[in-house]
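Note sheet for the following structure.
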Amino acid sequence: MAHIQVIDRSGKPGKAGKAASAAGVLALLAGALVVSSSPAARADGDYCGFKVLGAIEKRYIEMGGPTGSLGCPLTGELTNPDGAGRRTQFKNGTIYWSPRSGAWPVWGEIGAYWCGQGCEAGWMRYPTSYEYTVGQETRQNFQCAVIHWQKTSGTTSKTWSDNTCV
């Protein structure tokens, strides 16, 4: 559900005079309705009983928050084994963050393959993009790899990676 914020510009100008009046008219002409496609962040970061904060919260909100594709959080913010990165686990995936890569979701077959290689502690390191489609493949970029996933037929699929840190 979209968060809709209505900005009321019908108030009388204050002591700022003609400049404020002109700005008020321009704002009124520009429109009184501002629409955002994602829900608003919560002042306390509490979603479904867990705190989601910082860059992870920003990405979570961009993805629709509790009603989006990740669903409700299952944990608060966790420190990754490297001591620098963080993660929050959600019903349908995990958002990983590091200072060098930013915050990105990992889930499904690509997430399973990545964690089979050690997750962020493995040779691929942290995610650096969303999943994206190229032809018949779904791909996701990581600091040292691109993981490819492709449905081959019926319920079968294949997953592989390219080493980009050579």
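The values are calculated or read from the model by the stated rules, or taken from the named source; none is laboratory data. Just so it is clear, the model here is predicted, and its values are computed rather than measured. A quick note on method: Cβ atoms are made from the backbone with ideal geometry, for glycine too, and the neighbour counts reach across all protein chains shown. The protein model used for the area step is the full one, side chains on, heavy atoms only, and it has no ligands, DNA or RNA in it. Shrake-Rupley method; radii C 1.70, N 1.55, O 1.52, S 1.80 Å.
Where does each of LEU70, LEU78, LEU53 land when they are ordered by accessible area, with a 1.4 Å probe and the largest first?
Values: LEU70 0, LEU78 55, LEU53 85 Å².
Final ranking, largest accessible area leading: LEU53, LEU78, LEU70.
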Study note, to complete from the structure: Rounded to the nearest 0.05, FRET efficiency between THR79 and GLN150 (Cβ-Cβ, R0 41 Å) equals 0.75
Check your understanding: Using the Karplus equation 6.51 cos²θ - 1.76 cosθ + 1.60 (θ = phi - 60°), what ³J(HN,Hα) coupling, rounded to whole Hz, does each residue of the stretch 101-112 give in order, writing x for Gly and Pro?
Key -> 10, x, 10, 9, x, 9, 6, x, 5, 5, x, 5
Check your understanding: For PHE90, which sequence-distant residues (separation of 5 or more, or a different chain) have an amide H within less than 5 Å of its own amide H, given hydrogens modelled in the peptide plane?
Key -> LEU74, ILE95
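So between TYR130 and ASN163, what do we pick up on full extension, going 0.36 nm a residue minus the alpha carbon distance? Walk me through the numbers on the way to the answer.
On the way: separation 33, 0.36 × 33 = 11.88 nm, distance 1.79 nm.
In short, 10.1 nm is gained.
How many Å² of accessible area per residue for the stretch 41-86, probe 1.4 Å?
Numbers: 2310 Å² over 46 residues.
About 50 Å² of surface per residue is accessible.
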Check your understanding: Can you give the accessible area of PHE142, probe radius 1.4 Å, in Å² rounded to 10?
Key -> 10
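Quick one: accessible area per residue over the stretch 94-139, 1.4 Å probe, rounded to a whole number of Å²? Walk me through the numbers before you get to the answer.
Numbers: 2230 Å² over 46 residues.
Heavy-atom SASA per residue in the stretch 94-139 reads 48 Å².
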